[in-house]
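Below you'll find the structure, written out as structure tokens, and then a few comments.
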Amino acid sequence: MQRISQTTPEIRTKRGFRISTLVASAVVVAGGILLPATVASAGTMPDSAVTTVAAHHKNHDQKNHHEKSHHKEDHKKNKGNATGGNGGNATTNGGGNATGGNGGNATTNGGGNATGGNGGNATTNGGGNATGGNGGDATTNAGGDATGGKGGDATTNAGGDATGGKGGDATTNAGGDATGGDGGNATSNGGGDATGGNGGNATSNGGGDATGGNGGDATA
């Protein structure tokens with residue numbers, strides 16, 4: 001009896017120690033929240049991990065900055081050209097007059113080229129008059145080239161008058177070249193008058209070349 005009573009407290013003590021150790025290793029009380037011991041005892045982030053995160057953030061910022069700069073450069077390169085629409089052609093087969101549509105004007109303000117639309121051609125097959133459309137004017141204000149549209153051709157096949165359209169004027173204000181549009185040709189195959197269109201004027205105000213358009217030919 002004496003031997004048993006001496007070992008019982010020792011067993012209870014060891015058992016209690018094991019239970020308390022397991023509880024302590026399982027949870028840690030922090031501000032009223034139960035956390036796993038591995039989480040609670042985890043140290044601060046290693047310096048190498050902090051360095052890696054910082055480097056990644058820096059590279060990301062540099063990439064975004066590079067993309068923004070590249071996007072801005074693309075916009076600077078794209079100065080934008082302007083081209084006026086061509087005038088519509090006109091044809092009559094029963095003695096009426098035909099007048100080609102005028103070419104559209106073109107203007108650029110950001111360094112791109114400007115090209116005026118061509119005047120429409122006019123043809124009459126039954127005695128009416130034919131008048132070619134005028135070429136569109138072209139104006140550049142920031143260094144691009146300006147080219148006036150060509151005047152429309154005029155053809156009559158039964159006695160009417162034929163008048164070629166005027167070439168479009170060209171104006172540059174910042175160093176680009178200016179070329180006036182050519183006047184439209186005129187052809188009369190039935191006794192009517194033929195008048196070639198006038199060449200467009202060219203004006204350069206910023207050092208570029210200026211070339212007036214050629215007058216249209218006339219054939220009667």
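The values are calculated or read from the model by the stated rules, or taken from the named source; none is laboratory data. None of these values were measured; they are calculated from a predicted model. Because the Cβ atoms are built from the backbone with ideal geometry, glycine has one as well, and the counts that use them run over all protein chains shown. With ligands, DNA and RNA removed, areas are computed over all heavy atoms of the protein, side chains included. Shrake-Rupley method; radii C 1.70, N 1.55, O 1.52, S 1.80 Å.
Residues that are open to solvent by 20 Å² or more (accessible area, probe 1.4 Å), closer than 17 Å to N105 by Cβ and in contact with a strand residue (DSSP E or B) (Cβ under 7 Å, 6 or more places away or on another chain): list the strands (runs of 3 or more DSSP E) wholly contained in the stretch 154-218 that include at least 1 such residues.
In the stretch 154-218, the matching strands (runs of 3 or more DSSP E) lie at 170-172, 202-204.
Taking strands (runs of 3 or more DSSP E) that do not extend beyond the stretch 69-152, which have at least 2 residues that are open to solvent by less than 60 Å² (accessible area, probe 1.4 Å) and modelled with pLDDT of 95 or more?
Qualifying strands (runs of 3 or more DSSP E): 122-124, 138-140.
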